[in-house]
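The values are calculated or read from the model by the stated rules, or taken from the named source; none is laboratory data. As the structure is a computational prediction, the values presented were derived from the model and not from experiment. Here the Cβ is made from the backbone with ideal geometry for all residues, glycine too, and neighbour counts use every protein chain on show.
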Amino acid sequence: MAPSSSPAGAQRALEDARERAEALRAELRYHDHRYYVQQEPEIGDSQYDALMRELRDLEAEFPDLITPDSPTQRVAGEPVAGFGVVEHREPMLSLGNAFDDAELRAWHQRLVRLTERDDFAFVCEPKIDGLAISLVYRDGRLSLGATRGDGLRGEDVTANLRTIRSVPLRVEGDGLPAFEVRGEVYMSKGEFKRLNEERAERGEQLYMNPRNTAAGSVRQLDPRITAGRRLDIFVYQLGWVEGSPPSATHWGAMRWLQQSGFPTNPLAARFESLDEVAAFCAGWVERRDDLDYEIDGVVVKVDDFPAQRQLGVVGREPRWAIAYKFPAEQAVTRLRKIDVSVGRTGVLTPFAMLEPVVVGGVTVSVATLHNEAHIHELDVRAGDDVIVQRAGEVIPQVVGPVLSRRKGRRLAKFKMPAACPVCRTPVQRDPAQAATYCPNRACPAQLPRQVEHFTSRGAMDIEGFGEQRSHLFVSAGLIESLSDVYRLPERRAALLALEGIGEKTLEALFANIEASRQRPLHRLLIALGIRHVGTETARDVARHFGSMAALRVASRDELEAIDGIGPVVAESVFDYLHDEEYAALLDRLAEAGVRMDEDVSARGGPLEGVTIVVTGSLDRWSRNEVESLIKGLGGRVGASVTKTTDSVVAGAGGGSKRDRAASLGVEVIDEAEFVQRLRARGWNGT
Ligand code: IVH
């Protein structure tokens with residue numbers, strides 16, 4: 001919007017901006033709801049980003065237009081010293097438990113006895129294992145978010161809850177002046193896994209389970225930390241209401257909440273007999289692992305509110321609801337021995353070999369032990385009876401020893417082996433990471449796992465590899481380096497000779513390999529498996545430098561200057577890029593046509609606003625590299641010389657573009673001049 005000189009013009013511009021901002025907000029809110037609540041996005045990320053960018057720009061130009069419920073304001077605020085106390089207008093109750101069918105039926109019998117009725121309808125909902133919270137809306141806007149606390153008083157965590165994308169900041173609410181909604185904040189299993197993988201990469205202590213992590217994230221004094229962890233919410237109750245309640249039943253209230261824009265659990269169901277309720281509960285015992293979030297039971301509620309009121313509350317537990325709890329996913333078994341495996345970066349990881357035991361319906365004989373420090377912290381020793389837990393994640397964990405059963409037996413403490421169990425090379429220790437690793441890059445344990453990682457979903461995402469095929473291709477000698485992934489299409493006959501590989505499989509595999517050449521730089525950085533580089537770091541680095549060429553000439557200090565990157569990570573990245581063998585790998589990947597840049601408009605880079613055309617061949621960089629470098633520094637690369645071209649960088653050859661530049665009066669500079677100008681603009685690459 002062009003600034004206007006006259007006051008009336010300025011007023012009009014402001015009004016136009018206000019209208020546009022409101023329209024953008026409505027549109028963004030709609031798409032947020034499609035994406036985060038209904039999980040059926042209508043537009044792609046880039047279209048969404050464009051809307052958000054327009055709104056941000058508008059709000060930057062007209063700061064008076066910013067409203068607290070604008071989608072731009074989901075960004076996290078400043079840390080606080082402590083949370084305010086919130087007194088709940090109505091106590092947040094807990095639930096009585098039923099551990100089996102008989103207890104569920106006993107609960108029902110009590111309802112029948114107390115009310116002398118036998119015609120209840122029930123609503124059954126998965127019991128989400130997260131953190132209970134209360135949200136207060138006034139005039140359709142989120143005004144307060146609080147934790148459950150002791151049920152009477154909780155903490156004011158509004159700033160943190162605002163960062164959760166599925167928490168609506170504004171709702172229709174049928175014009176009710178104010179109302180409270182209760183629900184459960186949780187972290188999905190997928191997000192938990194992602195977070196822990198990143199922590200493992202950085203050598204940080206792992207989180208135990210999604211529940212505690214979600215709770216810890218909400219109770220963060222720094223909302224930026226909450227915002228960095230993707231949390232979700234399901235609402236499960238309409239609390240107090242000012243104005244007339246929208247429904248006389250829980251089921252009706254939930255439908256109203258859903259229509260108002262709240263995420264309700266689509267798995268909730270209403271039944272008119274206890275047999276159906278019991279079947280629903282039993283069904284989820286079997287299927288709980290299918291969900292991407294953890295549930296520890298089913299909540300059964302009497303549907304109509306008058307009956308709820310009649311039944312009332314005893315102590316802190318309502319008589320009208322009960323939690324049908326699933327059997328524990330823990331068991332005790334003998335730890336036979338502690339073995340050690342070698343991962344893709346050579347890190348030695350101890351794991352538990354167990355006497356097979358059934359945990360939550362699955363036979364478990366192997367469990368993870370993370371690292372040596374973790375084993376000593378738990379004080380588990382080979383020969384102990386240990387508690388094993390399957391907490392939804394695929395790999396079972398050892399929770400700890402049953403010390404009373406160790407009595408009288410002398411069990412040796414665990415010690416990491418001094419040599420790699422696979423190649424026998426003496427191991428080294430990385431005290432910063434509390435890790436032990438095999439320094440032998442040629443260790444046969446590493447390459448198959450590197451290939452598996454390179455091709456995995458968050459990395460180059462080449463479907464058709466996986467653990468088995470990665471091992472198969474390596475052991476068949478078809479892959480000797482990661483760049484050989486791109487040479488597989490040349491090895492068709494050898495591939496067809498492998499077991500389980502047919503023409504069709506190969507065609508699909510080759511197509512996937514081909515498509516992966518276009519992955520952006522951050523995916524490649526993840527795929528390379530550079531120590532300490534997880535998803536976030538890779539994104540930060542890729543966004544900052546824009547290209548591999550720019551990254552490869554960056555100094556340690558430049559790396560460390562990036563927000564969120566410390567000396568250990570900077571050193572690890574620097575060392576990788578300057579390692580002869582890895583540098584050669586990068587060259588081979590570039591030659592294979594793997595993309596080496598990121599889509600970034602590097603705002604504020606030394607070449608911001610400058611359009612450059614490159615022609616002929618340069619000494620210092622390949623064509624791809626110099627183009628990436630220009631983009632990485634904020635410039636634009638023009639395909640042909642036009643009036644808007646600022647400079648043409650000409651190497652050897654490059655005839656026609658030189659001529660065209662001359663005819664348009666566009667300057668032509670050589671490589672040395674280009675480098676000199678970059679330096680003058682603050683670029684300090686080599
Ligand atoms: S209803 C009086 N519904 O379970 C009703 N609770 O032990 C109280 N929870 O503090 C809660 N999913 O944190 C209800 N669908 C659901 C739930 C649910 C999880 C949690 C909630 C509550 C605890 C009760």
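A few notes on this one:
- Residue within the stretch 165-182 that is free of Cβ contacts under 8 Å to residues at least 40 places away in the same chain and buried (at least 17 other Cβ atoms within 10 Å of the Cβ) present: no
- Residues of the stretch 642-680 that are among the acidic types (Asp, Glu) and part of a loop (DSSP other than H, G, I, E, B): 646, 670.
- Just one of the listed residues (292, 296) is over 28 Å from residue 106 (Cβ atoms) and touching a Lys or Arg at 6+ places or on another chain (Cβ under 7 Å), and it is 292.
- Contact map, the stretch 125-152: first residue on the phi > 0 side of the Ramachandran plot, second residue within 16 Å of the ligand (Cβ to nearest atom) and among the polar types (S, T, N, Q), Cβ cut-off under 8 Å, separation 6 or more or different chains; pairs are 151/94.
- Conditions (1) among the aliphatic types (A, V, I, L, M); (2) in contact with a Leu (Cβ under 7 Å, 6 or more places away or on another chain); (3) buried (at least 20 other Cβ atoms within 10 Å of the Cβ); (4) part of a helix (DSSP H, G or I): number failed by residue 585: (3)
- Check on residue 180, within 16 Å of the ligand (Cβ to nearest atom), farther than 20 Å from residue 234 by Cβ and either under 25 Å from the mean Cα position of the chain (by Cα) or not aromatic (Phe, Trp, Tyr) (or both): no
- Any hit, the stretch 219-226, residues being crowded, with 20+ Cβ neighbours inside 10 Å, in contact with a strand residue (DSSP E or B) (Cβ under 6 Å, 6 or more places away or on another chain) and more than 30 Å from residue 430 (Cα to Cα): no
- The stretch 124-140, subset out of contact with any helix residue (DSSP H, G or I) (no Cβ under 8 Å at 6 or more places or on another chain), more than 10 Å from the ligand (Cβ to nearest atom) and in a strand (DSSP E or B), residue farthest from residue 214 (Cα to Cα): 138
- Of all residues in the stretch 512-524, one or more are assigned to a helix (DSSP H, G or I), touching a residue at least 24 places away in the same chain (Cβ under 8 Å) and more than 18 Å from residue 451 (Cβ to Cβ).
- Any chance residue 243 is surrounded by fewer than 17 Cβ atoms within 10 Å (Cβ to Cβ), under 18 Å from residue 142 (Cα atoms), away from the ligand (no atom under 16 Å from the Cβ) and more than 17 Å from the chain's Cα centre (by Cα): yes
- For residue 408, the test of being part of a loop (DSSP other than H, G, I, E, B) and within 12 Å of residue 334 (Cβ to Cβ) is failed.
- Flag for residue 201 being buried (at least 17 other Cβ atoms within 10 Å of the Cβ), more than 20 Å from residue 389 (Cα to Cα) and within 13 Å of the ligand (Cβ to nearest atom): no
- Count - residues of the stretch 531-560 that are buried (at least 21 other Cβ atoms within 10 Å of the Cβ) and polar (S, T, N, Q): 2
- Only residues that are hydroxyl-bearing (Ser, Thr, Tyr) and either over 20 Å from residue 33 (Cα atoms) or within 16 Å of the ligand (Cβ to nearest atom) (or both) were counted across the stretch 141-177, and they come to 2.
- Those residues of the stretch 639-674 which are crowded, with 17+ Cβ neighbours inside 10 Å and of a type in the set (Val, Ile, Thr), in sequence order: 641, 645, 648, 649, 666, 668
- Pairs where the first residue, in the stretch 312-334, is under 17 Å from residue 101 (Cα atoms) and modelled with pLDDT of 90 or more and the second is within 11 Å of the ligand (Cβ to nearest atom) and assigned to a loop (DSSP other than H, G, I, E, B), C-beta under 6 Å, 6+ apart: 321/95; 323/95
- Of the residues making up the stretch 298-310, those that are more than 21 Å from residue 246 (Cα to Cα) and more than 9 Å from the ligand (Cβ to nearest atom) number 1.
- Residue count for the stretch 320-331 satisfying the condition of being more than 10 Å from the ligand (Cβ to nearest atom), surrounded by 15 or more Cβ atoms within 10 Å (Cβ to Cβ) and not acidic (Asp, Glu): 4.
- Residue match in the stretch 75-98 (condition: more than 24 Å from residue 232 (Cα to Cα) and modelled with pLDDT under 85): yes
- If only residues of the stretch 275-334 that are assigned to a loop (DSSP other than H, G, I, E, B) and of a type in the set (D, E, K, R) are counted, the one that is farthest from the chain's Cα centre (by Cα) is 319.
- Taking the stretch 257-275 as the range and being more than 12 Å from the ligand (Cβ to nearest atom) and without any contact (Cβ under 8 Å) to a residue 60 or more places away in the chain as the test, the residues that pass are 258, 266, 273, 275.
- Looking across the stretch 605-634 at every residue that is assigned to a strand (DSSP E or B) and of a type outside the set (S, T, N, Q), the one that is surrounded by the fewest Cβ atoms within 10 Å (Cβ to Cβ) is identified as 612.
- Selection from the stretch 629-678 of residues that are farther than 15 Å from residue 613 by Cβ and either touching a helix residue (DSSP H, G or I) at 6+ places or on another chain (Cβ under 6 Å) or modelled with pLDDT under 85 (or both): 632, 633, 634, 652
- The number of residues in the stretch 438-456 that are among the aliphatic types (A, V, I, L, M) and either in a loop (DSSP other than H, G, I, E, B) or surrounded by fewer than 18 Cβ atoms within 10 Å (Cβ to Cβ) (or both) comes to 2.
- Residues that are away from the ligand (no atom under 16 Å from the Cβ) and either assigned to a strand (DSSP E or B) or within 23 Å of residue 149 (Cα to Cα) (or both), drawn from the stretch 79-123: 79, 80, 81, 82, 83, 84, 85, 87
- Pairs meeting the criteria (first residue in the stretch 616-634 and over 12 Å from residue 652 (Cα atoms), second residue among the β-branched types (Val, Ile, Thr) and at pLDDT below 85, beta carbons under 6 Å, at least 6 apart or on different chains) are 627/637; 630/637.
- Residue among 358, 277 that is at pLDDT 95 or above, aliphatic (A, V, I, L, M) and either in contact with a strand residue (DSSP E or B) (Cβ under 7 Å, 6 or more places away or on another chain) or under 27 Å from residue 380 (Cα atoms) (or both): 277
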